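First the structure, in the form of structure tokens, and then the observations on it.
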Amino acid sequence: MTTLFKALSLSLASAAALPALACPGPEDLKKGVVFETQDGTVETHRQLATDVIVIQTEFADGSGSILETRHGLYLASSVPIEDGVVRVAEKEVFASYDELDKWQEPKPDADWSNDSSGGGTATSGPMQTIKLGPCAYPAFEIDMSFNDDPSYTERYHYLPEMGVGLLVSSSSSGDEEVYTYTDVRVAD
């Protein structure tokens, strides 16, 4: 055996012995699961309590927000982040937990609504598989509209195993923004 062949064989054997990187799952939400988008946005989803997910969003320009959600989808409140500073005094409350409890737990192939001030309508599609980096997750799309602004809609990919929604597009009076998620990892 040549020296080059031995070195190549040892390198391949060492690489095969490394453990495969595990894709984040529901057990990782306590620490945090990070989702990244194509435009450099980073979202860290953490489970605060049963059915309560806090999402810290950081945009490439240093701004961001902290969103408190029910089922990782229904928005309770938002706190802006400006130049890395959390602006707690500027917290905006969209709905109470009592109002958000009127939304059903998301499920595929369904329609549901919520008549409260924090409500609207939702329609979901069939289960599919989405890829985030090297990871694949069962998911389904959810289209949502809201009582307080019928011209505004959102589309999510909902990952039921983790109970989180990833906003993939929003539309206001026909102007659409699309968000492409490219990677996922456990928070450091």
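Projected label points at residue 60 and residue 147, each 7 Å from Cα along the beta carbon direction, are separated by 3.9 nanometres. Within the straight-line cut-off of under 25 Å between alpha carbons, the lysines reachable from residue 91 are 30, 31, 102, sequence neighbours fewer than 8 places apart in one chain being disregarded. Rg/Rh for the chain (Cα atoms only, Rh after Kirkwood) is 1.09.
Counting only alpha carbon atoms, the long axis of helix 3-17 and the longest principal axis of the chain meet at about 30°. Of the Cα atoms belonging to segment 33-78, the radius of gyration and Dmax stand at 10.7, 32 Å. Of the peptides 84-93, 43-52, the ranking by mean beta-carbon count within 10 Å, highest at the top, reads 43-52, 84-93. Probing with 1.4 Å while keeping every protein chain in the model, the per residue accessible area of the chain equals 57 Å². Extents of segment 38-142, largest first, come to 41, 39, 22 Å (Cα atoms, principal axes, whole angstrom). Couplings 3J(HN,Hα) of segment 61-66, computed from phi: 7, x, 7, x, 7, 10 Hz, in residue order, whole Hz [Karplus 6.51 cos²θ - 1.76 cosθ + 1.60, θ = phi - 60°; x for Gly and Pro]. Just so you know, the Rg over Rh for segment 104-188 is 1.00, from Cα atoms, with Rh as the Kirkwood radius. Our helix-only sum for the chain, with -39,500 (n - 2.57) per DSSP H run of n ≥ 4 divided by its residues, gives a mean residue ellipticity at 222 nm of -3000 deg cm²/dmol.
The values are calculated or read from the model by the stated rules, or taken from the named source; none is laboratory data. Quick caveat: nothing in here was measured; it's all calculated off a predicted structure. Glycine gets a Cβ as well: all are built from the backbone with ideal geometry, and neighbour counts include every protein chain shown. Quick note on the areas: whole protein, heavy atoms, side chains included, nothing else; ligands and nucleic acids left out. Shrake-Rupley method; radii C 1.70, N 1.55, O 1.52, S 1.80 Å.
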